[in-house]
1. Given 0.36 nm per residue, what is the gain on full extension from LEU14 to ASP85 after removing their alpha carbon distance, in nm?
2. If a helix is a whole DSSP H run, which ones in the chain reach 18 Å or further along their own axis (Cα) and hold a mean Kyte-Doolittle hydropathy of at least 1.0?
3. If we count other beta carbons within 10 Å of each Cβ, what is the order of MET79, MET211, fewest first?
4. Considering only Cα-Cα distances, which of the following residue pairs are longer than 27 Å: LYS169/LYS199; LYS166/LYS199; LYS166/LYS192; LYS89/LYS199; LYS89/LYS166; LYS28/LYS199?
5. With a 10 Å cut-off between alpha carbons and a GNM built on the chain, which of ALA103, ALA213, ALA51 moves the most?
6. Can you put LEU41, LEU244 in order of Cβ neighbours within 10 angstrom, beginning with the fewest?
7. For Cα pairs less than 8 Å apart in space and 6+ apart in sequence, what is the mean separation divided by the residue count of the stretch 9-276, i.e. the relative contact order in percent?
8. For the chain, modelled as a Gaussian network with Cα springs under 10 Å, which listed residue fluctuates most, THR247, THR18, THR225?
Amino acid sequence: MATEAAPDAGHYILHHLTYLQLDLQSGKIVENAQGFWVLNLDSVFFSLLLAALFIWMFGSVARRANAGVPGKWQNFVEMCVGFVDSQVKDAYHHGAKFVAPMALLIGFWVFFMNFMDLLPIDLLPKIGGGLGVDHLRVVPSADPNVALGMSITVFAIAFGYSFVAKGFKGVGAEFLFHPFGKWMMPVNFLLKCVEELAKPVSLGLRLFGNMYAGEIIFILLACFTLNYVPTSLGSNLGLLAQILLATGWTIFHVLIISLQAYIFMVLTVVYMAMAADHH
């Protein structure tokens, strides 16, 4: 439900889509700025906070794990680890031991970031406003910088690992001689470059697009009660519509955030497997 005072829906939507930004060159807080040296502080803060939360939650279980009857939380974490491990074994058949931990981190980190979209749309911005923070976007995966940054990092790791698994000669052969043989090397190289560059772009934009759309829908639903008056029939009907629609969208969105985290994790494993394959 919208609880923030706003003159109209346009102002309310714009306010919720504005990042808390820092210009690294001037050291000043800015709004709606573009450029390489502009940092979205809220995206960075919540990304690091959720990463620390994941490490604390899973690390505490790892430190206290015992061979006896596990507790409920240990049992849940073991189920999560077992699920990720089974997904890695199905897609990755090579020797790198870091792939499964990387998949576990990426999968749950993305899920935690996506889960922020299920919090009441005005809750954290309202708290931030009380602390003097004018703008606060709390869903890091709805920031294209975060989504594309993660996908580019995955691509860089996979591309670098391909040299470890195949050597410079093997990677060069893939770029120059496949799929049309040595007489079509320029075409082969162009097609391979397009194929490789499409991986991080599609991986990042898929996550960003789904989470940004979900965030927009929650903001639009909140506009039903921007000017809520308890004694007004229209306001009460708007409140009822908001509750029904928001409940339905929240239930559906739980599937979306889980699916997007799963897809990001599985594609990461697939890209690592492709980097290690010699055919």
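1. So the extension gain works out to 21.4 nm.
2. Working: long enough: 41-64 (34 Å, 1.42); 72-91 (29 Å, -0.11); 99-115 (24 Å, 1.92); 144-177 (34 Å, 1.15); 185-222 (55 Å, 1.06); 233-276 (64 Å, 1.67).
Sorted by number, the helices that extend far enough and score high enough are 41-64, 99-115, 144-177, 185-222, 233-276.
3. Ascending number of Cβ neighbours within 10 Å: MET79, MET211.
4. Exceeds cut-off: LYS28/LYS199.
5. Checking each option, the largest mean-square fluctuation is seen for ALA213.
6. Values: LEU41 17, LEU244 11.
Lowest to highest Cβ neighbour count: LEU244, LEU41.
7. Over the stretch 9-276, the number comes to 25 percent.
8. THR247
Read-outs: derived from the displayed coordinates by stated rules, not from any lab. Please read all numbers here as calculations on a predicted model, not as lab measurements. Methodologically, a virtual Cβ is constructed for each residue, glycine included, from the backbone with ideal geometry; neighbour enumeration extends over all protein chains shown.
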